[in-house]
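Note sheet for the following structure.
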Amino acid sequence: MAEPAADLAAPRAVHLVGIGGAGISAIGIILAAMGHQVTGSDVNETAAWPSLLEAGVRPEVVAPGELFAAAHAHGAAIVAHSTAFPPTERDLADAREAGCTVLDRAGILSLICAARPTVAVSGTHGKTSTTAMLATLLDAAGTDPSYLVGAKPVGLGRAAHWADAPGSFVVEADESDGTFLRLGGDIAVVTNIDEDHLDYWRDIDAIEAAFLRFLDEARVGVVCIDDPRGDHVTDPRALRVARAVGAITVGEGPEADLQVHSVQVDLLQTTFGLRRGDQELGPVQVGTPGRHHARNAAVAIAVAVELGVPADEAVRAIAAYHGVARRFEVLGEVDGTTFVDDYAHNPGKVRALLASAQEAGWSRVVAVFQPHRYTRTRDLLGDFGAALALADVIAISDIYAAGEDPIPGLTGRSLVQEVLEVRPWAEVAWVPTLDDAAAWLRAVLRPGDLCLTVGAGDVSSLGRRLVAEAEGPAS
């Protein structure tokens, strides 16, 4: 898809529709740091407001029908919108009359990427964590990186930063709707290739072809060739794509240029060896648990070395990483139970999360899973059942629609049956609402448990609610 004729070479007046969203607000902060005059509109004030105001962005709350009109009131030359607020034909006509270029989120992000050499991090799973790891590593190594991550890295304290000094821009590149193909990465990173977002891609062959194009259009590719569905197994699709473009490969198999080995997970920490040819670069340590985090960290180290960071310095610096919001986010401890929240919402992410939790040494892994979207649940029902069966104790709520219409006969209870198909003796519960889930957790949790709240919907409030109850009213 060709982008409209626009650029950010000189200061511009830019208006962002849906400014309160995490992705668009981060873009606004970067644009302001680049020297542009940034305004924005949304239908509600969100948690992003303080960061926007601090960055010099001027957000405002307007009526739904005035979202795009607000751009013209500010004399914007460019208006960009989130996927939540697409323009109407009238909005586009008004923009043409005002001489204003209208872009979607990927369009404005591609203009930012054009300003600096871009490291675009994509993959079906793990792109947020890998992007955050790389940004944290580069920051700890003293390079002051520019970056945009889909969630806030714990050690960096912000999801977006634009450095004064020129250098690489590290950006999370979304494959879900093909927009990662519009960013023009100098270095393209693929963490894995798996089935998801089949409403857009149709099948795994189309997904593989897209990642091949993504890598082929970059100067350098870095690919994790491990199969996200199993341990110590090379994924033939990822290996095929990597070899087709001559990418640097990372993984646990002997084919990898950087080989991960001797992975050890201990509660909230992962340690592993990393070998390049005959040279041992490890041990490597990251402050998040799981074999998949070892792979992601190895990918971040490979990219950092490609950017000129000495390997030993990259290994030292990545120890500063301690996760991101909603990716194994530790909420607190109550009566000996550790509460953790995670955004995992497809089978690969859920499988990696629960497998890493089982490796870490907790007495039991107790999880509440909220399915996200009817279409995803329908298309991947069996895969979800196999993934969720990895928990010691699992409860499943009803489906978070995310704007979709219900599919007759499909509920979260459908997943309960899928878990029992995989593990007939599984301890699995059906908790339609979050209130039901809270009552269930109060009854089943015991000291030494890890309690996981899992999903991309409002299940994120559940663990926080129980921890807050235990802490009592704020003084």
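The values are calculated or read from the model by the stated rules, or taken from the named source; none is laboratory data. As the structure is a computational prediction, the values presented were derived from the model and not from experiment. Glycine also receives a Cβ, built like all others from the backbone with ideal geometry; neighbour counts cover every protein chain displayed. Calculation scope for accessible area: heavy atoms of the full protein, side chains included, ligands and nucleic acids excluded. Shrake-Rupley method; radii C 1.70, N 1.55, O 1.52, S 1.80 Å.
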Considering residues that are in a helix (DSSP H, G or I), out of contact with any Gly (no Cβ under 9 Å at 6 or more places or on another chain) and closer than 16 Å to Gly18 by Cα, the number found within the range 93-111 is 2
Grab the strands (runs of 3 or more DSSP E) fully contained in the range 269-343, keeping just those with 1 or more residues being at negative phi and in contact with a His (Cβ under 8 Å, 6 or more places away or on another chain). 269-276, 284-286
Which numbered condition trips up Thr453, out of (1) of a type in the set (S, T, N, Q); (2) open to solvent by 10 Å² or more (accessible area, probe 1.4 Å); (3) in contact with a helix residue (DSSP H, G or I) (Cβ under 6 Å, 6 or more places away or on another chain)? (2)
What pairs come up if the first residue lies in the range 169-181 and is under 17 Å from Ala206 (Cβ atoms) and in contact (Cβ under 8 Å) with a residue 24 or more places away in the chain, the second is of a type in the set (Lys, Arg) and open to solvent by 30 Å² or more (accessible area, probe 1.4 Å), and their beta carbons are under 7 Å apart, counting only those six or more places apart or on different chains? Leu181/Arg213
Which numbered condition trips up Val62, out of (1) under 18 Å from Met34 (Cβ atoms); (2) without any contact (Cβ under 8 Å) to a residue 24 or more places away in the chain? (1)
Would you pick out the residues in the range 238-263 that are surrounded by fewer than 17 Cβ atoms within 10 Å (Cβ to Cβ), closer than 20 Å to Ala352 by Cα and either polar (S, T, N, Q) or without any contact (Cβ under 8 Å) to a residue 12 or more places away in the chain (or both)? Ser262
Output for Cβ contacts, cut-off 6 Å, separation at least six or different chains, first residue of a type in the set (D, E, K, R) in the range 412-438, second outside any helix (DSSP H, G or I), reads Arg413/Trp430; Arg423/Ala389; Glu427/Val393
With the requirement that a residue be of a type in the set (A, V, I, L, M, F, W, C), under 14 Å from Leu138 (Cβ atoms) and modelled with pLDDT of 90 or more, what does the range 163-177 give you? Ala163, Phe169, Val170, Val171
Between residues in the range 10-37 that are farther than 23 Å from Ala95 by Cα and open to solvent by 20 Å² or more (accessible area, probe 1.4 Å) and residues that are among the aromatic types (Phe, Trp, Tyr) and not in a helix (DSSP H, G or I), which pairs lie under 8 Å by C-beta distance while being six or more apart or on different chains? Ile29/Trp162; Ala33/Trp162; Met34/Trp162
Mind telling me which of the residues Ala391, Ala355 ends up being out of contact with any strand residue (DSSP E or B) (no Cβ under 8 Å at 6 or more places or on another chain), within 19 Å of Pro289 (Cα to Cα) and either aliphatic (A, V, I, L, M) or free of Cβ contacts under 8 Å to residues at least 12 places away in the same chain (or both)? Ala355
Residue satisfying condition, being free of Cβ contacts under 8 Å to residues at least 60 places away in the same chain and either open to solvent by 20 Å² or more (accessible area, probe 1.4 Å) or under 18 Å from Ser51 (Cβ atoms) (or both), within set Ala141, Ala135: Ala135
Run Arg351 past the list (1) open to solvent by 20 Å² or more (accessible area, probe 1.4 Å); (2) touching a Gly at 6+ places or on another chain (Cβ under 6 Å) and report the number of the one that doesn't hold. (2)
